[in-house]
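Worksheet for the structure shown next.
The values are calculated or read from the model by the stated rules, or taken from the named source; none is laboratory data. Just so it is clear, the model here is predicted, and its values are computed rather than measured. Methodologically, a virtual Cβ is constructed for each residue, glycine included, from the backbone with ideal geometry; neighbour enumeration extends over all protein chains shown. In case anyone asks, the SASA skips ligands and DNA or RNA and just uses the protein heavy atoms, side chains included. Shrake-Rupley method; radii C 1.70, N 1.55, O 1.52, S 1.80 Å.
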Amino acid sequence: AELARYIELNHLRIVCGYQDAYMCTFGGLNYMDFRGKQFYRHAEAELYATVERLDGYVPSLPFVLAHTGVTHSSDAVHKPLRERWLEGETEVVRSYERITELARRGKKALLMMDWPQLGRLMNENHNIQRDLGGSGEANERLIAAALEAGALGAKLAGAGHGGTIIALWPWADSGPLEAALRAAGASATFPPRVAPGVMV
């Protein structure tokens, strides 16, 4: 995970986070804690994240993913926000402190299968990211369509300005949600599933 992130940042010159590299490496459904990793370090000094497997406690994933059809570079979204955070911009620092708290609460809501609470947390998370400039027109259109169709929550599933959104749909038939998302312009919809990580 650390090697993949290091290559992306230092050789491909893409400002990136750690989540994608860790998820691809470990697979599964995880709660990940990146405390202490706010600043990039040389590879030998980089701290490891904490990865806690949750898939043994969650019988099914009550989500639907929808792709906007808009390709994007996560670097274009992450870099300006990271620079604002490094400069100590109060709004950005406070916002990401709140997002950290939402993640901790979200873990509990997921494990307790408290879907209304998880939906509220997802919506607040997205509102913060949107207000910081991290969303995009296509993302907002799909999120609005998901909520209007009855999803309990909907948010970015990546950097924003394209890519994918994730909606909370804890009911067996996701057809009405998927139809609403396609009508709003989604190029693809699919349920996420737990998968293994990197295999050698």
Relative contact order of region 25-146, please, whole-number percent, based on alpha carbon pairs below 8 angstrom and at least 6 residues apart. 22
Given charges of +1 on the Cβ of Lys and Arg and -1 on the Cβ of Asp and Glu, with all other atoms neutral, how large is the dipole of region 1-117 about its Cα centre, in debye to the nearest 20? 180
How much accessible area per residue does region 1-133 have, in Å², with a 1.4 Å probe? 59
Which value in deg cm²/dmol, rounded to the nearest 500, describes the helix-derived mean residue ellipticity at 222 nm for the chain, given -39,500 (n - 2.57) per DSSP H run of n ≥ 4 and division by the residue count? -14500 deg cm²/dmol
Cα point-scatterer Debye curve for region 86-159, base-10 log of I(q)/I(0) at q = 0.11, 0.17, 0.22 Å⁻¹: -0.29, -0.67, -1.01
Could you check how much of the accessible area of region 1-97 is carbon and sulfur, as a whole percent, using a 1.4 Å probe? 55
Lysine pairs in the chain with Cα distance under 22 Å, only those 8 or more apart or on different chains: how many are there? 5
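For the peptides 156-167, 182-193, what is the packing order when you average, over each peptide's residues, the other Cβ atoms within 10 Å and list the highest mean first?
156-167, 182-193
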Starting from the coordinates of the alpha-carbon atoms of the chain, obtain the Kirkwood hydrodynamic radius over all distinct pairs and give the value in Å to one decimal. 17.7
